[in-house]
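Computed from the coordinates by the stated procedures, all read-outs in this text should not be read as laboratory data. Because the structure is predicted, anything quoted here is derived from the model rather than measured. Positions of Cβ are generated from backbone atoms using ideal geometry, with glycine treated the same way; all protein chains shown enter the neighbour counts.
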Amino acid sequence: MKRNESHPAAVLLFGATGDLAKRKLYPALYSLYKQGILSHDFAVIGLARSPLTREEYHRRVKDSIARHSRFSLPGQEEWAAFAKHFFYQSLDIHDKAGFETLQTTLIQLDEHFSLKGNRIFYLSMAPDFFGLIAKNLHTAGLTRTNGWKRLVIEKPFGHDLSSAEQLNQEIREVFAEEEIYRIDHYLGKEMVQNIEVIRFANSIFEPVWNNRYIDNVQITSSETVGVEERGGYYEKAGALRDMVQNHILQMVAMVAMEPPSRLQTEAIRDEKVKVLRSLRRYEGDAVLQNVVSGQYTEGKIGEEIVPAYRQEAKVAPDSVTETYVAAKLMVDNFRWAGVPFYVRTGKRMAVKSTEITVQFKNPPMNLYFEKSGELGPNLLTIHIQPDEGMTLHLNAKRPGTAGGVFPIAMEVSKDSGIGYNSPEAYERLLHDILHGDTTNFTRWDEVAGAWEWVDPITQVLRDTGGKQLHFYAAGTMGPEAAHELLRKDGVDWWPLTPADRPCSPVKEGLPHEL
Ligand code: BG6
């Protein structure tokens, strides 16, 4: 099947009035429609508790597209053609009769829009209900269909390995593993998908992509936002579960994985799982030596004074939940033995940025040291967001007769004509779901492998009752201890802001004397 062909399907959207649906899913559906990937043969049934008329639902969908879509709102006629595919049913997920009504509606829509019995069950809601929904879908006959059925679920997949196992067991009673699409929206990002291509489609990187040539790898995902309205959820999650267990470890796996034997879903996932299984497990003191956790206090983001985490809504005034984590990971396998992977993520940091920086070892002998001081390291930075692109940092001869060496940066970005004005992650992921491609979704053993690494760490952080927590002012790059973590190894975080980089035009400029 071609990737841009239309794929008939009914999308049953649980959590249709929620934030994710509003900010991401309706705009993504609209983008797919604009590109002809959804055309005449699709129907969306919005499901939520609130009693809404179909017109009210349409208004909400339209409003979400107006606010969040990368395409502008269509004219009256085009809007009507799109909106006629959207239906709404108020549903209490405990109410079996409601699921029976849904089945009746679905049978009618299937015929009306020629959906070939294909069904996507998208659960955009708290995972506590996944098991119950799966069971009720099954009992009401919604999962018995002549076409295909796919279950899409959002994180968190449990809060530790055992709760994740239980959740998995419940949904596996109704859906097969290959029918389950566990979303990690980082896997839908353009430059995260690009890691594999940069590594395996270029012969210049792979030969040096190992412990003989790489000194360390740094992965940062920093945010300027706080916990917003999600204090209740975040109190139980913390940065380790919210960001590291999924997005950060997925990026580590993509940087560290072996080339798959072929570009096939399971071959790729097999390699990623091997990385997760090779992560050195930390317990007891090793956690405190390799993991730094932090929490933001009041501070300034731009011109705005923002409150401390402990003052946020639904957060305990003496909370010890971490809003920041930095860690040194070791991938104990032949390729990576001895190469630290430093990762960090946090809320209310100075900049919003996700980047991967691979730092290469210095040349065996520095011929230029006496003349020009130390050489800058060779670095490959993959910019994931907000900019998309990559930068290769090299050393070059300072032009002119004065001699010496200076750092230069070769950049590929959307401004360099490559056209990375990429679709939203959710658009790409919904496309993959329609297309039946599970590559960019998390397989169960990846989820389990990630929890196995995270669980002993959360255990230690909990046991110390917050004594290990380092406070950092909002609007900074996190606690000092996170810098210490790297300095012990003789390195530091590569600066995220261009003005702080040694080869930035701001600092270096072009030499005057030619
Ligand atoms: C989500 C987390 O998975 O990722 C949020 O639950 C976080 O807390 C978000 O803000 C970050 O996503 P992005 O795409 O903005 O980096």
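If each residue of separation counts as 0.36 nm, what is the full-extension length gain between Arg70 and Lys352 once their alpha-carbon separation is subtracted? Provide the component values of the computation, followed by the final result.
Details: separation 282, 0.36 × 282 = 101.52 nm, distance 2.02 nm.
Contour length minus Cα-Cα distance gives 99.5 nm.
Against the empirical 2.2 N^0.38 Å scaling, what ratio does the C-alpha Rg of the chain come to?
Values: Rg = 24.6 Å, N = 514, 2.2 N^0.38 = 23.6 Å.
Computed over Cα atoms of the chain, the ratio equals 1.04.
7 Å from Cα along Cα→Cβ at both Glu100 and Glu229: what's the point-to-point distance in nm?
3.5 nm
If we restrict to alpha carbons, what Rg and Dmax does the range 21-75 come to, in Å?
11.4, 32
By what distance, in whole Å, do the Cα atoms of the range 181-222 stretch along each of the three principal axes, largest value first?
Principal extents (Cα only, largest first): 36, 25, 16 Å.
Which value in Å is the Kirkwood Rh of the range 288-328 over different Cα pairs?
Values: mean 1/r = 0.0871 Å⁻¹.
After inverting the pairwise mean of 1/r, the radius is 11.5 Å.
Evaluate 2.2 N^0.38 Å with N set to the residue count of the range 73-128, then give the Cα radius of gyration divided by it.
Numbers: Rg = 14.2 Å, N = 56, 2.2 N^0.38 = 10.2 Å.
This ratio for the range 73-128 stands at 1.40.
Across 10 Å bins from 0, what is the distribution of all Cα-Cα pair distances for the range 117-211, in whole percents?
For the range 117-211, the pair-distance distribution reads 14, 36, 22, 18, 9, 1.
Mind pulling up the Rg/Rh value for the range 163-282? Radius of gyration and Kirkwood radius, both on Cα.
When Rh is taken as the Kirkwood radius, the ratio is 1.00.
If each Cα of the range 235-334 is one equal point scatterer, what is log10 of I(q)/I(0) from the Debye formula at q = 0.14, 0.18, 0.24 Å⁻¹?
Each listed q corresponds, in turn, to -0.70, -0.92, -1.25.
Specify which residue in the list Gly98, Tyr122, Ala43 is farthest towards the positive end of the charge dipole of the range 16-154, using unit charges on the beta carbon of Lys, Arg (+1) and Asp, Glu (-1), about the Cα centre.
Checked the options; the winner is Tyr122.
Neighbouring Cβ atoms within 10 Å as the yardstick, rank Ser64, Ser413 fewest first.
If I rank by nearby Cβ atoms, fewest first, I get Ser413, Ser64.
Show that you can apply the helix-only estimate: for the chain, add -39,500 (n - 2.57) for every DSSP H stretch of four or more residues, divide by all residues, and state [θ] at 222 nm to the nearest 500.
Details: 15 runs with 162 residues, N = 514.
Calculated at 222 nm, the ellipticity per residue is -9500 deg cm²/dmol.
How much of the calculated P(r) for the range 396-491 lies past 24 Å, in percent of all Cα pairs? Before the final figure, lay out each step's value.
Values: 3048 of 4560 pairs.
Within the range 396-491, distances greater than 24 Å cover 67 percent of Cα pairs.
Kirkwood Rh over Cα pairs of the range 271-426 into Stokes-Einstein at 37 °C, 0.692 mPa s: D in µm²/s?
Translational D for this selection: 166 µm²/s.
What list of whole percents do you get for P(r) of the range 135-180, with Cα-Cα distances grouped in 10 Å bins up to the one holding the largest distance?
24, 53, 20, 3
With a Förster radius of 35 Å, plug the Cβ-Cβ distance of Ala267 and Ser413 into 1/(1 + (r/R0)^6) and report the FRET value to the nearest 0.05. Each step should come with its number before you reach the end.
Numbers: r = 31 Å, r/R0 = 0.89.
Calculated transfer efficiency: 0.65.
Could you list the square roots of 5 times each eigenvalue of the Cα gyration tensor of the range 1-145, that is, the equivalent ellipsoid semi-axes, sorted largest first and rounded to whole Å? Before the final figure, lay out each step's value.
Numbers: eigenvalues 116, 65, 38 Å².
Those come to 24, 18, 14 Å.
Please compute the modelled spin-label separation between Glu56 and Gln385, points set 7 Å along Cα→Cβ, answer in nm with one decimal.
Simple spin-label model gives 3.1 nm for this pair.
Determine the alpha carbon to alpha carbon distance for each of Lys84/Lys116; Lys34/Lys189; Lys34/Lys414; Lys352/Lys397 and list only those over 30 Å. Before the final figure, lay out the partial values.
On the way: Lys84/Lys116 18 Å; Lys34/Lys189 20 Å; Lys34/Lys414 23 Å; Lys352/Lys397 34 Å.
From Lys84/Lys116; Lys34/Lys189; Lys34/Lys414; Lys352/Lys397, over 30 Å: Lys352/Lys397.
First obtain the Kirkwood hydrodynamic radius of the range 445-488 from its Cα pairs, then insert it into the Stokes-Einstein equation at 20 °C and 1.002 mPa s, and state the resulting D in µm² per second as a whole number.
Values: Rh = 12.6 Å.
D = 170 µm²/s.
Can you tell me, using C-alpha contacts under 8 Å and at least 6 residues apart, the relative contact order of the range 221-364 as a whole percent? Mind dumping the intermediate values first?
Working: 202 pairs, mean separation 53.6, N = 144.
37 percent.
How many nm separate the modelled label positions at Gln459 and Ser39, each set 7 Å beyond the Cα in the direction of the Cβ?
Modelled inter-label distance: 5.6 nm.
What number, in percent, do you get for the relative contact order of the chain if the mean sequence gap of Cα pairs under 8 Å and at least 6 apart is divided by its residue count? Walk me through the numbers on the way to the answer.
On the way: 914 pairs, mean separation 84.0, N = 514.
For the chain, the relative contact order is 16 percent.
Could you check what % of the DSSP bridge pairs in the chain are antiparallel, to the nearest 5?
On the way: 43 of 78 bridges.
The answer is about 55 percent antiparallel.
If r is the Cβ-Cβ distance from Lys397 to Ala316 and R0 is 56 Å, what FRET efficiency results, to the nearest 0.05?
0.45
Just to compare against my own numbers: the Cα pair-distance distribution for the range 62-156, 5 Å bins, whole % per bin, please.
2, 11, 18, 20, 17, 16, 11, 5, 0
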